[in-house]
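Heads up: the structure comes next, in structure tokens.
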Amino acid sequence: MTATPRDARTVLVTGAAGFIGSVAARDLAAVGFAVRAGIRRTQPATLPPGAVAVPCDLANPAATRAAVAGAQVVVHAAYGDERAMVSECRNLLAAMSAARVPSLIYLSSIAVYGERTGIVDETMGAAGSPGAYGDGKIACEAFVRAWAQDPAAPERRVLILRPGIVYGTGSVFWTDKLAERIRAGAWGDFGPAASGPAALVHVDDVAAMVAMAARWIALAPHEWPAVTTLNVVGPETPSWNVYFSALAERLGARPLRRLGGLRLGFRQSLAVPAKICRRLRLPLFRRAALAPTPPEMAIFGRDVTYSTGAAKGRGLAPRIGLRDGLARTEFKPR
């Protein structure tokens, strides 16, 4: 059988129509890669110059094999059903093995650390409950590592990126949903309950890191070990309260008032009926429906700092501060 031609400048991006994947595809094309924009959906996607849309349903092994064939690097940025995350990752790895694609950049998450506090580096495992999403990422990381360390394929290289709170244009939760809550008057300064550091990183920083790393891995794979894992957090990690206030200012909203204690507890107690009203499009309890949940408050209060020393050592440190990041961000219309 004739081998599929391979170009060191060809990259497949899974989830290329998504939040991180679309920006990564843009930056990869900008540094000279021939980008295969893997998309699951049938509707047209807006792609950057130099990118070509290819069907890439990771639940379909045959479609996945066709998408990866001939690529030198795969960037796995697809995000979908948490229940399918692991099986789709395994399908991708099997397709890469069949097509002899040697390099993978896998977008994981700081969710793999669960409820850890203090200073957290890449050598640490989870503490407490990582939740379904974190458990899925942990399982995927394990399969990715095993794939990279196969003694029969010493040419394989994997970079596992663990981004923090990724914000910017298109971020459903950390940008658009928070903007909706602030505009509705459902948000506030939560005092000590939201004084933990927000591990923010702008999507442009994540994409730039992906593009730079893909270029280095494709051109000089011998300079990388089989597996490299990096935390990805921006240069500023303000408290969550500071982030909320900066977001409100960027939106032109009123300054956030202190919200906590009984007022916050009362709104949270109305969350279930409020969300039912919202689904029925009834104009009742809107602020309660948008109030922070107890799991969110646990995140906002957690005292944890994710070490980025390893990324800095590779010359891959994010550079976009909060003010610049918000200035770059476009918000979903009301």
Q: Taking H placed 1.01 Å from N in the peptide plane, check which residues at least 5 places from Leu200 or on another chain put their amide H under 5 Å from its amide H.
A: Ile165, Gly234
Q: Go through (1) 17.6; (2) 16.0; (3) 14.7 and flag the label whose value is the computed mean projected area of the Cα convex hull in nm² for this structure.
A: (1)
Q.
Under a crude label model (7 Å from the Cα following the beta-carbon direction), how far is Ala220 from Ala184 in nanometres?
A. 5.0
Q: Could you look at the chain and say what percent of its accessible area is carbon and sulfur, using a 1.4 Å probe and all protein chains?
A: 56
Q: Collect residues whose amide H, placed 1.01 Å from N in the peptide plane, falls under 5 Å from the amide H of Ile160; neighbours closer than 5 in sequence don't count.
A: Tyr106, Thr228, Thr229, Leu230
Q: Evaluate the relative contact order of segment 144-270 (contact order divided by residue number), counting alpha-carbon pairs under 8 angstrom at least 6 apart; express in whole percent.
A: 37
Q. Applying the Karplus parametrisation 6.51 cos²θ - 1.76 cosθ + 1.60 with θ = phi - 60° to the phi angles of segment 222-233, what ³J(HN,Hα) value in whole Hz is obtained for each residue in order, glycine and proline being reported as x?
A. 5, 8, 10, x, 4, 9, 10, 10, 9, 6, 10, 9
Q. Could the peptides 129-141, 245-257 be put in order, highest first, of the mean number of other beta-carbon atoms found within 10 Å of their residues?
A. 129-141, 245-257
Q: Would you work out the charge dipole size for the chain about its Cα centre, treating the Cβ of every Lys and Arg as +1 and the Cβ of every Asp and Glu as -1, and quote it to the nearest 20 debye?
A: 1160
Q. Relative to the present Cα-Cα distance, how much length would full extension add between Arg83 and Ala59 at 0.36 nm per residue of separation?
A. 7.5 nm
Q | Rounded accessible area of Val172 (nearest 10 Å², 1.4 Å probe) | A | 110
Q) Which of these, Glu122, Glu82, Glu296, has the largest mean-square fluctuation under a Gaussian network model of the chain (Cα springs below 10 Å)? A) Glu296
Q | Computed E for Asp324/Ala127 - FRET, C-beta separation, R0 35 angstrom, nearest 0.05 | A | 0.60
**Q.** Most mobile of Ala95, Ala127, Ala193 in a GNM of the chain (Cα contacts under 10 Å)
**A.** Ala127
Q. Which sequence of Asp150, Asp176 reflects their accessible areas, 1.4 Å probe, from the largest down?
A. Asp150, Asp176
**Q.** Relative contact order of the chain, defined on C-alpha pairs under 8 angstrom at six or more residues apart (%)
**A.** 18
**Q.** Dimensions in Å of segment 112-240 - Rg and Dmax from alpha carbons
**A.** 17.5, 58
Q) Given a Förster distance of 41 angstrom, what is the FRET efficiency for Ala246 paired with Ser97, based on the Cβ-Cβ distance and rounded to 0.05? A) 0.35
Q: Hey, could you get me the Stokes-Einstein D for segment 1-133, Kirkwood radius over alpha-carbon pairs, 20 °C and 1.002 mPa s, rounded to whole µm² s⁻¹?
A: 137
Q: Would you please state the base-10 log of I(q)/I(0) at q = 0.16, 0.17, 0.25 1/Å for segment 82-148, with intensities from the Debye formula using one equal scatterer on every alpha carbon?
A: -0.57, -0.63, -1.08
Q: Beyond 13 Å, what share of the Cα-Cα pairs of segment 138-181 is found? Please give it as a whole percent.
A: 66
Q: Using amide H atoms built 1.01 Å from N in the peptide plane, name the residues 5+ places from Tyr306, or on other chains, whose amide H lies under 5 Å from its own.
A: Val120
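The values are calculated or read from the model by the stated rules, or taken from the named source; none is laboratory data. Because the structure is predicted, anything quoted here is derived from the model rather than measured. With ideal geometry, Cβ positions are generated from the backbone for all residues, glycine too; neighbour counts draw on all protein chains shown. These accessible areas exclude ligands, DNA and RNA; they are computed on the full protein's heavy atoms, side chains included. Shrake-Rupley method; radii C 1.70, N 1.55, O 1.52, S 1.80 Å.
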